[in-house]
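Asks: This is the structure I have questions about; it appears just below.
None of the figures in this text is laboratory data; all of them are computed from the coordinates on show. Note that the coordinates shown come from a computational prediction; the quantities given were computed from them, not determined experimentally. Cβ sites come from the backbone with ideal geometry, for glycine too, and all protein chains shown count toward neighbours.
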4 protein chains.
Amino acid sequence: MNTFGQLFRVTTFGESHGAAIGAVIDGCPAGLKIDLALIAKEMARRRPGQSTITTSREETDEVEIIAGVYQNRTLGSPIALIIRNKDQRPADYEWLKNSYRPSHADFTYEKKYGIRDYRGGGRASARTTAAVVAAGAIAQQYLAQFKVISAAFVSQLGKSKWDLPSELKLVNAPNELKKLIAKREKSLVRCPDNIATKAMTAYLTELQAEGNTCGGKITTIINGMPIGIGEPIFGKLSAQLSAAMLSINAVHGFEFGSGFDAVSMTGKTHNDAFVIKNKQVQTATNNSGGILGGISNGMPIYFNVAFKPIATIKTEQLTVNSKNKPYNQKASGRHDPCAVPRAVPIVEAMTNLVLVDLMLQNKTARI
Amino acid sequence: MNTFGQLFRVTTFGESHGAAIGAVIDGCPAGLKIDLALIAKEMARRRPGQSTITTSREETDEVEIIAGVYQNRTLGSPIALIIRNKDQRPADYEWLKNSYRPSHADFTYEKKYGIRDYRGGGRASARTTAAVVAAGAIAQQYLAQFKVISAAFVSQLGKSKWDLPSELKLVNAPNELKKLIAKREKSLVRCPDNIATKAMTAYLTELQAEGNTCGGKITTIINGMPIGIGEPIFGKLSAQLSAAMLSINAVHGFEFGSGFDAVSMTGKTHNDAFVIKNKQVQTATNNSGGILGGISNGMPIYFNVAFKPIATIKTEQLTVNSKNKPYNQKASGRHDPCAVPRAVPIVEAMTNLVLVDLMLQNKTARI
Amino acid sequence: MNTFGQLFRVTTFGESHGAAIGAVIDGCPAGLKIDLALIAKEMARRRPGQSTITTSREETDEVEIIAGVYQNRTLGSPIALIIRNKDQRPADYEWLKNSYRPSHADFTYEKKYGIRDYRGGGRASARTTAAVVAAGAIAQQYLAQFKVISAAFVSQLGKSKWDLPSELKLVNAPNELKKLIAKREKSLVRCPDNIATKAMTAYLTELQAEGNTCGGKITTIINGMPIGIGEPIFGKLSAQLSAAMLSINAVHGFEFGSGFDAVSMTGKTHNDAFVIKNKQVQTATNNSGGILGGISNGMPIYFNVAFKPIATIKTEQLTVNSKNKPYNQKASGRHDPCAVPRAVPIVEAMTNLVLVDLMLQNKTARI
Amino acid sequence: MNTFGQLFRVTTFGESHGAAIGAVIDGCPAGLKIDLALIAKEMARRRPGQSTITTSREETDEVEIIAGVYQNRTLGSPIALIIRNKDQRPADYEWLKNSYRPSHADFTYEKKYGIRDYRGGGRASARTTAAVVAAGAIAQQYLAQFKVISAAFVSQLGKSKWDLPSELKLVNAPNELKKLIAKREKSLVRCPDNIATKAMTAYLTELQAEGNTCGGKITTIINGMPIGIGEPIFGKLSAQLSAAMLSINAVHGFEFGSGFDAVSMTGKTHNDAFVIKNKQVQTATNNSGGILGGISNGMPIYFNVAFKPIATIKTEQLTVNSKNKPYNQKASGRHDPCAVPRAVPIVEAMTNLVLVDLMLQNKTARI
């Protein structure tokens, strides 16, 4: 299944070192104005090589839209976009042909398919998320019509943490959010706090020197979500967000609203009283994270995503080869101490795909 | 979307106080022997009223299979099952007609659909998970052929915790797991540890007296999973499990393997070295939770699910009615201090649905 | 695949002599008023035993809606309906256990699934279309809001034919159509012409005496279809209608508009000139059958469906049993000379399912 | 819906005069050897400009596979292929910007989407079937493993007809079929009969001189189909074939086996007796066209498809423009008297897509 969504269906394709990666978006409503500069900007945000800390691969990631858009407007037909893989270095990966890197997907792909494009992880590479980011940038343009904004922030790297300001959980405050986004864009690690940014950067510098990597956490907030979005039972907004996040490479956990903290709370402290504010029904607290019964209630939506450390480390590791022989493997090639800052636009993209899909589904909720 | 699964498609239907709830399972392979007693047993496990602590509603939950099974074998045609709602007390819910209970789905359903079956939460009620449990019991019988066992345990209520024994994360040990299951079945709160059970029970008794409720955590282990199950990218085993879990009422979080702990780990400690044990490729540690790149690697799979406290509490709460007037609401009717023990068979059922669906999908992975 | 439709998804279930047959309709918009009497009326139209000619099985076909409707309005949740099989005579079918009736599905079901409910054809029986008719009656109520009417007529039995009046192909004329429907309802064979009805009836009487059966043709017209319904490429209105018709038991062909006559026509005679009539864009002729590029153009839609003769005949036939031994089979049990008149409400039901599904899909065509 | 198939899912994209057209095939089993020359050969068969009669547009139609294939084997990941539109002449289509050609999809696309790529019909152009042919060539390679061959022939143009030899309907005779295919490949009009070819060619030459066009009929035979392929009820092999055929531009009808002839047949003449031939269960006649209850019975499958005449004719026609003003339109640009010979590889491609999809689905029919 390489398709995400029911009505706004995004199918991605491509291997890390094949000719190209890309996506087909089927179901995008006709007449949407497409801003190519915005797509390019999002692609640049995901691209490795943005700082001395977070990357080494050079990818220019030019998106070519080859179908579905005419004179900058969507036609209602499938939007197809491709991104050529320019920085191909297949020779770098010959050592991978018959061996499995620990905590990578080499082993499971080989066993599942009996064949594997071992070059840079092939289909399992995070490279393929570039197509997701491009599709997400189109979804973002759909959401902009309704003033819905999703924004993700690095909220933890190692032991350094940052908390989403609680007022943003309680009020749809687009201007405050935009200020936070502006701060984030100045941070090498995509955390909107200066002090945390410094600590995180120092930590990554240290890990890079050691050839080590770290996990991290991303916190996302959705501002301006209309009421009623999300399909009950198996199409819950929370379930779709969760599936979207767990589709991202290296993600090991998802929680929304009170999340895992709810485990040790009681109903009396957890319940969100309904109140009237500005003549609208709102809730006094927002442990529900803006979602009740799987459906948006109009409050800000927020959730956390946990990432494991990148599996490629610069140290000798015990592993086996395709003949089941154990050996000590030393990874060659690129090393990136942390993928989490780069995952920020990916998290936003997947979030946007979920939101557009459920907003379109909601168009048929009533006669 | 009331259907779960791509090939083993389970569609549930029914409102809490309508005539019946039920499910249609389309795509179950023909020739599977159906043990009706096992279905009845699973239904009994989910049913409220099993102890003084965990329930008050009386539901007998008799499953009638009306299609798709002939002489106790599946025909390959859709399996339809219905469960009549016998304990209907619509009059109990008149007070709900024009009001929204805090942290329930009354408000969002009303806003989404413009109409609502207010009786006991209607479609949003946990009542509807009975159909899931019945479907899951059929999936369980499919899995039994391959000796795949999924088992869920209450691992936290309030501050009382229990940890899954680490050896069960490292070795597929069906006999050890069965012993743990046997212990769990003797626990009122479905925790396999005596001491934790006592503490949890005491906590629930206290909450019941206060008219309060609590959240909790369930830990699930899947034993005997073959290698290669799970579809890459948007059909990852981890993503499907996550979507399945977040589809369950009150679930606020999901993590597998190292989960949120991965956030503060490094690659050097997190990576699972491949080793040869019993002539098979295994991993020395299992932070990956048995899943690499979204595909099972043959190791035990384990994950945690966070539940928020039940929203129905016996205390006056601030809310609004359907005319946007604020008022103090005192819930009448049943009170259950904790839904988590009862959610154990639901978690297992949803897990089983995911596993069968992905095992069937895997049948077409290679030529 | 027992589900029809993308957004208005109808899943049917049930075997001819199992406990019940039924359907789940997922995706019906909330707030639709349901007229149970209309459903009962449609069920009665499909039911065998309506005349001395067209039937022998007695089925009362009471539809029980067990979910998704509250106080006669749809809730937006799945509508589940069941029809108990009351006239079960399994003993009548023991002779079928190990043999394959010519031109029936006994052989192919056995080979596909390795197991077969041989009682009356099991899942392959036309009995299961009762669930389709019930679902179609709900779709009909959706269409009624938009004044869309679909009506099917028997247009050929043996050599007796009837032609749809050409003015009905050229103008949306609901009143004229209703008159035709009224005439049809007085015809034993569901042909609106008295003379043709007499000839057809005589033919069926003759076939019944001989233990023989005949095929036939049904012509359907859709009146009042809005412009723009139908998805391009693989969701064409014409393709969906075709798939719907070929899903009906015994159907061997489908054609719309000029149909197979188009084969020997030229562009100059076939093209439909656009003209302005009543201030609207219409076409001067309607060889396109109201569909251009798979999308409705606002003209009446019409199509023909070919049915093969019922395979159950009262004569000895050469066949083989499940041990591949040839023998002469004499069918016992019921005999019906022609299923085509009874198929009229089934054709209408499937048509209605297509129309509602595509009308819902069209809600997301534009921003 | 631009996706065809449940498991072998082909999504096409592209407009006639956009940058490229293409397809993504998701669900193709891993390990299939891909013969690029075969794909090129099929593309050449579909391409216009192959004779003085059947074309005028020059398209080279080079297929570039950009994902899913590594070292000529499928990886199990999505296969993406693109075909650049080289012969773009947008200026040729300015006159189409504000007008609707009779019997084309200009009008319905405009009304549905509010926007239209008017260049050469945009998404509605038969140009987009090139992507289908490329995908079908991959499906063909899957079928070749099982010795399943589908072959289509022009069986009628104007009044000239050709009949599929009846022995090919009764016996799976691959060698005989291959001879017929070889004859067809020598025919300008893709009819395997010399005399018919001459008459058809003369007819097309005449139409071309007149600026006129004609419809036609294609007959397809599937040889070597295993028993048990096709899903009952809404996934019948016959229904899927029908939907596939009606998805092709200009198709107005589909019939399989006895087809519309069944209308005037009786059960006694129509029923296919089961017999044992070569130790296998076969049928003495094959009015069922190799399909019983929607499932293949092992006999040859055959069906007919009716095409309307190409709507682009070289004569003045009455039409309206986008301001609802009537005017006389004279089409400029290319003229092709008949699309039916060129549709032969498209019919085969769509047939192959159906067969592979249903063969994959069948892998999960039994435990």
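Asks: Count the net charge of all other residues whose Cβ sits under 14 Å from the Cβ of B:A67, scoring Lys and Arg as +1 and Asp and Glu as -1.
Replies: Net of charged neighbours comes to +1.
Asks: What are the ³J(HN,Hα) values, in whole Hz, obtained from phi via the Karplus relation 6.51 cos²θ - 1.76 cosθ + 1.60 with θ = phi - 60°, for each residue of the stretch C:310-316 in sequence order, with x given for Gly and Pro?
Replies: Values per residue, Gly and Pro as x: 3, 7, 7, 10, 9, 7, 6 Hz.
Asks: With a Förster radius of 30 Å, plug the Cβ-Cβ distance of D:E167 and D:R366 into 1/(1 + (r/R0)^6) and report the FRET value to the nearest 0.05.
Replies: Given R0 = 30 Å and the Cβ-Cβ separation, E is 0.35.
Asks: Amide H neighbours of B:S103 under 5 Å, at least 5 residues apart or on other chains, H built in the peptide plane: list them.
Replies: Amide H neighbours of B:S103: A:D272.
Asks: Would you work out the charge dipole size for the protein assembly as shown about its Cα centre, treating the Cβ of every Lys and Arg as +1 and the Cβ of every Asp and Glu as -1, and quote it to the nearest 20 debye?
Replies: On the way: 176 positive and 120 negative charges, 0 e Å.
The dipole magnitude comes to about 0 debye.
Asks: Tell me, Kirkwood radius of the protein assembly as shown from alpha-carbon pair distances, in Å?
Replies: Value: 33.0 Å, from the Cα pair sum.
Asks: Name the residues whose placed amide hydrogens come within less than 5 Å of the amide hydrogen of A:A67, ignoring near sequence neighbours (fewer than 5 apart) on the same chain.
Replies: A:A80
Asks: Ok, one more. Just need the Rg to Rh number for the stretch B:42-187, please, alpha carbons only, Kirkwood Rh.
Replies: 1.03
Asks: Specify the angular offset, from 0 to 90 degrees and rounded to the nearest 10, of the alpha carbon long axis of helix C:194-210 from the longest principal axis of the alpha carbons in chain C.
Replies: That works out to roughly 20 degrees.
Asks: Please turn the phi angles of the stretch C:294-301 into ³J(HN,Hα) values with the Karplus equation 6.51 cos²θ - 1.76 cosθ + 1.60 (θ = phi - 60°), one per residue in order, whole Hz, x for glycine and proline.
Replies: With coefficients 6.51, -1.76 and 1.60, one gets x, 10, 5, 10, x, 7, x, 9 Hz.
Asks: For chain D, take the longest principal axis of its alpha carbons; what is the angle in degrees between that and the long axis of helix D:174-185, to the nearest 10 within 0 to 90?
Replies: So the helix axis and the longest Cα principal axis differ by about 20 degrees.
Asks: Which of the trypsin sites (Lys or Arg not before Pro) found in the stretch D:135-167 are in a DSSP loop and have at most 12 neighbouring Cβ atoms, other than their own, within 10 Å?
Replies: D:K147, D:K159
Asks: Convert each backbone phi in the stretch A:137-146 into a coupling constant with the Karplus relation 6.51 cos²θ - 1.76 cosθ + 1.60 (shift: θ = phi - 60°), then list the ³J(HN,Hα) values in order as whole Hz, x for Gly and Pro.
Replies: Here the 3J(HN,Hα) series is 5, 6, 4, 4, 6, 5, 5, 4, 4, 9 Hz.
Asks: Additional query: If you average the alpha carbon positions of the stretch A:309-342 and of the stretch A:148-223, how far apart do those two centres end up, in angstrom?
Replies: So the separation of the two Cα centres works out to 27 Å.
Asks: Then there is this: Within the stretch A:163-269, report the trypsin sites (Lys or Arg not before Pro) that DSSP leaves as loop and that have at most 13 other Cβ atoms within 10 Å.
Replies: When the trypsin sites (Lys or Arg not before Pro) of the stretch A:163-269 are filtered for loop state and at most 13 Cβ neighbours within 10 Å, A:K186 remain.
Asks: Classify the stretch C:131-186 from the C-alpha gyration tensor, please: rounded if a/c falls under 1.5, else prolate or oblate depending on whether a/b exceeds b/c.
Replies: oblate
Asks: Enter the angle in degrees (range 0 to 90, nearest 10) between the Cα long axis of helix D:237-246 and the first principal axis of the Cα atoms of chain D, meaning the one along which they spread out most.
Replies: Once rounded, one gets 10 degrees.
Asks: I've got another one for you. Please work out the Cα convex hull volume for the stretch C:68-143 and give it in Å³ per residue.
Replies: Here the figure is 135 Å³ per residue.
Asks: Could you work out the longest stretch of chain C that avoids the GluC sites (Glu not before Pro) located in DSSP loops with at most 12 other Cβ atoms within 10 Å?
Replies: Details: sites that count: C:E58, C:E62.
Looking at chain C, C:63-367 is the longest stretch - no exposed GluC sites (Glu not before Pro) with at most 12 other Cβ atoms within 10 Å.
Asks: Work out the count of Lys pairs in the stretch C:214-350 where the Cα-Cα distance is under 22 Å, with the pair 8 or more places apart or on different chains.
Replies: 5
Asks: Can you return the aspartates and glutamates within cross-link range of D:K198? Criterion is Cα-Cα under 20 Å, with same-chain partners fewer than 8 residues away left out.
Replies: Answer for D:K198, where 20 Å is the Cα cut-off: D:D163, D:E185, D:E206, D:E210, D:D336, listed by chain and number.
Asks: Across the stretch D:1-134, how many lysine pairs, 8 or more apart or on two chains, come within less than 25 Å at their alpha-carbon atoms?
Replies: Values: D:K33/D:K41; D:K41/D:K86; D:K86/D:K97; D:K97/D:K111; D:K97/D:K112.
Count of close lysine pairs: 5.
Asks: What whole-number distance in Å separates the alpha-carbon centres of the stretch B:63-93 and the stretch A:66-112?
Replies: Cα centres, the stretch B:63-93 to the stretch A:66-112: 45 Å.
Asks: So what is the 222 nm mean residue ellipticity for the protein assembly as shown from helices alone, if each DSSP H run of at least 4 adds -39500 (n - 2.57) and you divide by all residues, rounding to the nearest 500 deg cm²/dmol?
Replies: Calculated from helices alone, the mean residue ellipticity at 222 nm is -9000 deg cm²/dmol.
Asks: According to a simple spin-label model (label point 7 Å from Cα along Cα-to-Cβ), what is the distance in nm between A:N194 and D:A144?
Replies: Spacing of the two 7 Å Cα→Cβ label points: 6.7 nm.
Asks: If you don't mind, there's one more thing I want to ask. Quick one: label points 7 angstrom along Cα→Cβ at C:D87, distances to the other copies in nm, smallest first?
Replies: Nearest to farthest, the other copies are at 4.1, 6.1, 7.3 nm.
Asks: Name the residues whose placed amide hydrogens come within less than 5 Å of the amide hydrogen of C:L292, ignoring near sequence neighbours (fewer than 5 apart) on the same chain.
Replies: C:N297
Asks: Around D:Q156, under 10 Å between beta carbons, what's the net of Lys plus Arg minus Asp minus Glu among the other residues?
Replies: Values: positive: D:K159, D:K161, D:K217; negative: D:D163.
Surrounding charge for D:Q156 is +2.
Asks: Moving on to the next point. Just add up the charged neighbours of A:K279: K/R +1, D/E -1, any other residue whose Cβ is under 14 Å from the Cβ of A:K279. Walk me through the numbers before you get to the answer.
Replies: Working: positive: A:K277, B:K323, B:K325; negative: none.
Computed value for this residue: +3.
Asks: Using alpha carbons only, what's the Rg to Rh ratio of chain B with Rh from Kirkwood?
Replies: With Rg and the Kirkwood Rh in hand, the quotient comes to 0.97.
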